Amino acid sequence: MQASTHLIKGNLEVKISKRRDLPCFREFKERKSTLTRNLCIRRGSICSGLTSGAVSMGAELARARDNVETVARSLIKFRSVKAQASGGDVEDLAPINPHETSTGTVLPFVGVACLGAILFGYHLGVVNGALDYLSKDLGIAQNAVMQGWVVSTLLAAAAVGSFTGGALADKFGRTRTFQLDAIPLIIGAVLTAIAQNVQTMIIGRLLAGIGIGITSAIVPLYISEISPTDIRGALGSVNQLFICIGILAALVAGLPLSRSPVWWRGMFGLAVIPSILLALGMTYSPESPRWLFQQGKISEAEKSIGTLYGKERVPEVMYELRTAGQGSTEPEAGWIDLFSKRYWKVVSVGAALFFFQQFAGINAVVYYSTAVFRSAGIASDVAASALVGASNVFGTVIASSLMDRQGRKSLLITSFSGMGASMLLLSLSFTWKVLAPYSGILAVVGTVLYVLSFSLGAGPVPALLLPEIFASRIRAKAVALSLCMHWISNFVIGLYFLSVVDKFGISVVYLVFAAVCLLAVLFMAGNVVETKGRSLEEIELALNPTT
């Protein structure tokens, strides 16, 4: 009997020996001991040494072993396993992890949140086809600097919104922040639609920019917190996909401009509809269970979990939420900590991802592709820009299927390589006389190839990498800093692109973009670690080998 008991115990210890460094190991041993005592009470015939036959005793021991191993698996799988990473950082490896297949009720609420992503893309792209028409109506047709301000005011305001979005979400909750965010989005859309002068247009773009800056922070946050683990990876790329859909919608909305030059007002006014739907949809959407639990609203958290995963999942998810915060003794990092030796390398990688993403020229293409096509002699310039938007959507769909198979780093390198080659093709099409007869076709082909390359990696990967490469205690602030780099770079490109093109020519500008893409490839190859199939601890150690 003792030999059999030792055999079971030995087998269990072999199975969990690789997890002895986990903080949950001690709790596992306590639970195993408790379960063994309970089994002895219930199965007194075994523990008292009564012999009821070898077959009966073997069956009881097998049941005891299965029950103990079930506890081990449950403790490892269902709780938020905490592992001590470099420098004392503790990562949450499994935020909310219902082990059974999702009922699917989470998908409608992800769809409501993605209205914010659509607005993000729509406000970025709506100025593309409308810029020439609104410039004539507002009297700035000959003022490239003022046109740049109309484009870039949105981006400067978005930088402010991205900083405030996280703080608002922590104070008021995710769904309430969405509803508050609808206010500047609605007012901004109305002001830009009725603007009779450039001052009103800029104020409207400022308000809309604050709105999309907030959505850039809370849409991925809300989706990640309500998504079950088994489909979190797929839903993680949905945000970028709907941003692309928003850009495409803005480009398609510009098609009637050729027949009705005043239609640009309708284009800006259309943004009111998804803004209202976002506010109404969030009225019926469940709040993040994690935020509710952190606020001590236990009954509301249980109700939210029941809505998202089903009532049968409430006990296990609540257990995981209770254990998720255990194990970390360090306070949340301050802003100054981001620039310390301990974290600067990983923070600089996050910021660099967005720097290269923007200065590789993507938003110059999004904002000004219509003007570039027109200069190349394309008859239907708005239709060509709509083709660019469709390419962006198509490439993002392909990227979502490749993300977990090809890996993040390889997609980044492939993406920037393709973008650099496309920009080189575009630059040569405007300078080589031998290519002059085909400049129009090459402008479209090069731009489409560029956008396809961008959407395969440079577009979706940075947003997915951020939560993977940042330690939990710096994640919120590091993401905010990276997004700030995104919006500042975006702002600079939008403000000065036309002026630089007027001074140096489009060919030179595209050549610079190609050079940035080459630098990006070299940087990614030397500094970005592959995160596919790696734990957060391994990623953190790879990025901070000296800590």
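We did not get these values from a lab; they are worked out from the coordinates using the rules stated. Everything quoted here is computed from the prediction, not taken from an experiment. So basically every Cβ, Gly included, is an ideal-geometry build from the backbone, and we count neighbours across all protein chains shown.
Remarks
- Relative protection proxy for 451-460, 433-442, from highest mean packing down: 451-460, 433-442 (other beta-carbon atoms within 10 angstrom).
- Segment 103-285: radius of gyration over Cα atoms, expressed as a fraction of 2.2 N^0.38 Å: 1.04
- Note on segment 406-435 and segment 147-186: Cα centroid distance 33 Å, given to the nearest whole angstrom.
- Cross-link table LYS136/LYS503; LYS136/LYS433; LYS477/LYS503, entries beyond 27 Å C-alpha to C-alpha: LYS136/LYS433; LYS477/LYS503
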